[in-house]
1. Just the residues that are within 19 Å of the chain's Cα centre (by Cα) and open to solvent by less than 20 Å² (accessible area, probe 1.4 Å), please, taken from the range A:132-150.
2. Residue check: is residue A:43 of a type outside the set (Phe, Trp, Tyr), touching a Gly at 6+ places or on another chain (Cβ under 7 Å) and under 30 Å from residue A:389 (Cα atoms)?
3. Would you tally the residues in the range A:163-197 being crowded, with 23+ Cβ neighbours inside 10 Å and at positive phi?
4. Filter the range B:1-13 down to the residues that are touching a residue at least 60 places away in the same chain (Cβ under 8 Å) and either part of a helix (DSSP H, G or I) or under 19 Å from residue B:77 (Cβ atoms) (or both), then identify the one that is farthest from the other protein chains (Cβ to nearest Cβ).
5. Please specify each residue of the range A:227-246 satisfying the condition of being open to solvent by 10 Å² or more (accessible area, probe 1.4 Å) and over 17 Å from residue A:115 (Cβ atoms).
6. For the range A:198-214, which residues satisfy the criterion of being at negative phi and touching a residue at least 40 places away in the same chain (Cβ under 8 Å)?
7. What is the residue count in the range B:66-77 for residues that are of a type outside the set (Asp, Glu) and either assigned to a helix (DSSP H, G or I) or more than 9 Å from the chain's Cα centre (by Cα) (or both)?
8. So, in the range B:14-31, exactly how many residues are open to solvent by 40 Å² or more (accessible area, probe 1.4 Å) and more than 10 Å from chain A (Cβ to nearest Cβ)?
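The values are calculated or read from the model by the stated rules, or taken from the named source; none is laboratory data. The shown structure was predicted, so the numbers you read here are calculated from the model rather than taken from an experiment. When we count neighbours, we look across all protein chains shown, and the Cβ atoms used for this are built from the backbone with ideal geometry, even at glycine. Quick note on the areas: whole protein, heavy atoms, side chains included, nothing else; ligands and nucleic acids left out. Shrake-Rupley method; radii C 1.70, N 1.55, O 1.52, S 1.80 Å.
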Amino acid sequence: MTGSALLGSLSAPIGGSWGYRRDSVACVSASPVYLDAATAAPLHPVARQALLAALDDGWADPGRLYTQARRARQLLDAARAATAETLGVRPDEVSFTPSGTAAAHGAVLGGLAGRHRAGRVLVHSAIEHSAVLHAAERHVATGGASTEVPVDRLGRLDLARWSAAVRAPGVALAALIAASHEVGTVQPVGEAAGACGDAGVPLFVDAAQAVGRVPVPAGWSVLTASAHKWGGPPGVGLLVVRKGTRWESPWPADEREGGRTPGALNLPAVVAAAASLRAVAADAAAEAARLAPLVARIRARVAAEVPDVEVVGDPDHRLPHLVTFSCLYVDGEALLHALDRRGFAVSSGSSCTSSTLRPSHVLAAMGVLSHGNVRVSLHRETTEADVERFLTELPGIVADLRAAAGVVGL
Amino acid sequence: MTAPAEVLDCRGQRCPLPVIAAARRLPELPVGTVIRVLADDPAAAVDIPAWCRMRGHEFVGTVTGPDGPAYDIRRQH
């Protein structure tokens, strides 16, 4: 790809030469079925093309004053403009970070630092991503405070408790995930933002599972996302800080990215992230309409065909691509390995699959079964045949594990 | 709180083993019986109440004593 074509990929209408044929990847029944897009979606073909082109064209430091640097600066500016347009914000409100985690850490710590005169309390839901919770722990360890707001059995925020929490004295920032990354329940971001607005508290929304898939309601002050969740390359996060938000960088000073995140950017990856975000956002409604019925099918068939299973999360207000269930008496790690041997890549919130050997804090907050847990998340390459094969094989895999453990009939 | 009729020592066992132990033993005891499951796996705190709800038994509560966390369950049917 030429340099001008690369710039065009960040501004031209989607389609045309970017057209990608899903059926060009033959899928036979024995081929691996990747069902963990919520961890990392396969690289979008637009991202791949843009990345390869930008490796040739965007390696220089965009901050320098020579031809190669100006070229890199053009690419960075175009990536920022494209991302801002997709998100409906101003370009100078968008910063690219080295990861979604770094963006979330910056959102929390910077939002708290910017409002330290208002107080030192962080309000957050019980089902935030661990990146947000770890930043909250840091805040508490350095003398701050936090208030955790519970969710119900379906993983929905308790809005009454949220509203009371953000109205309390000394609240500097509130954090709410747009939709649960573990169970898919979409959160009442609009209502939560309204409560924050009434209380004069800025709202940070972790939109990692929403950006590129579903719209995020307005009303937030800070938003973060992660490129490899939408099919961009790993190693690119988004930190969006709306004008007028009191946000102060928690990092040592660095002039890059509006002073919001230090260090040289991985510019080729940023360009690829921005190009693929445009592409997935253009297809988001159609993809949601294609994937949501597959998720509904998984929810219905798993509940009907696997005995003693708990399908978790809100049945209606949910992400279009993510579904979670727990199988009674089954070891989650054994289930993941058994599925992997049959070619299915999924993730789990069970304690035995986590490095800390603790169950998912999201499943715990909801009060649902945490062992034998499987999270299935779909993406643009997932076919109906993939889902059917999974649904056909799952009951036997679970039955075999239960038979081996001697728990049939309990 | 009703004193437990029996204590299942599941310390050192990882989930789902404490839940399985409760599921094996409870139906062998009369309806209304309370058993206590000693379990130090953190997942037990989530999964024992969830199992009670799924199976229609009563989760009486969590007791933390010198032997670590314990979970009381009453057979309901």
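1. Residues satisfying the conditions are A:132, A:135, A:136.
2. Here the answer is yes, as residue A:43 does meet what is asked.
3. Qualifying residue count, the range A:163-197: 1.
4. Step by step, filter the range B:1-13, then rank; the result is B:2.
5. A:228, A:229, A:230, A:234, A:235
6. Scanning the range A:198-214 gives A:201, A:202, A:204, A:206, A:208, A:209, A:210, A:211, A:213, A:214.
7. The number of residues fulfilling the criteria is 6.
8. Selection size over the range B:14-31: 4.
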